[in-house]
Amino acid sequence: MSAPEKITRIDSLFAELFKKRQWDKRLALHAVFRNWPQVVGQEIAERTEPQVIRGTVLWIAVSDSVWMQQLHLQKQALLERVNANVRGSEKISDIRFQIDADLGEEKMVVVPPKDIVSPQSIDPEELKGFERLIAAIDDAELRTRLLSLWRKAHQ
């Protein structure tokens with residue numbers, strides 16, 4: 001039986017692989033994905049999403065053409081903010097925008113149903129008092145509707 005080979009720690013293998021393939025530089029560029037709301041601000045982050053980095057070009061999905069135009073006008077400032085948050089020597093060289101209509105859709109808010117309240121019984125004396133009050137009205141339909149409204153208000 002031959003002697004066992006030297007055991008190498010996996011973390012050192014990964015470190016060597018990262019260095020050899022220069023993934024450490026690429027990983028620094030991709031920090032923008034993790035920190036997007038802090039980099040661009042909450043308002044822009046709600047309407048955009050970084051999609052991919054090809055070479056050193058960052059592709060950003062935008063909710064609509066109006067936002068795309070606005071961000072295109074702010075492209076240089078946006079590029080500076082992105083690069084300020086990238087550690088390492090490699091930086092983003094350009095930003096490109098593409099429309100993704102699913103971004104920025106208003107979220108549907110589900111309102112829980114109100115607790116069902118059992119109707120309160122109407123005090124017969126109050127009802128008679130209100131009926132005497134509206135008895136002076138000549139229009140029978142108006143009296144009926146007022147009485148109906150009063151009942152709803154007192155339940």
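Taken together, the values in this text are just the output of simple stated rules run on the coordinates, not laboratory data. These numbers were taken from a predicted model, which means no experiment stands behind them. Methodologically, a virtual Cβ is constructed for each residue, glycine included, from the backbone with ideal geometry; neighbour enumeration extends over all protein chains shown.
When you restrict to C-alpha pairs under 8 Å that are six or more residues apart and normalise by the size of the chain, the relative contact order lands at 20 percent. The equivalent ellipsoid that matches the C-alpha gyration tensor of the chain spans semi-axes of 70, 26, 11 angstrom, in descending order.
With θ taken as phi - 60° and the Karplus curve 6.51 cos²θ - 1.76 cosθ + 1.60 applied, the whole-hertz 3J(HN,Hα) list for region 58-63 is 8, 9, 10, 7, 10, 5 Hz, x standing for glycine and proline.
Taking the number of Cβ atoms within 10 Å of each Cβ as an exposure proxy, the fewest-first ranking of Phe33, Phe97 is Phe33, Phe97. Each stretch of four or more DSSP H residues adds -39500 (n - 2.57); spread over every residue of the chain, this sum gives -14000 deg cm²/dmol at 222 nm.
When every Cα-Cα distance of region 10-99 is counted in 10 angstrom steps from zero, the calculated P(r) takes the values 16, 48, 23, 10, 3 percent.
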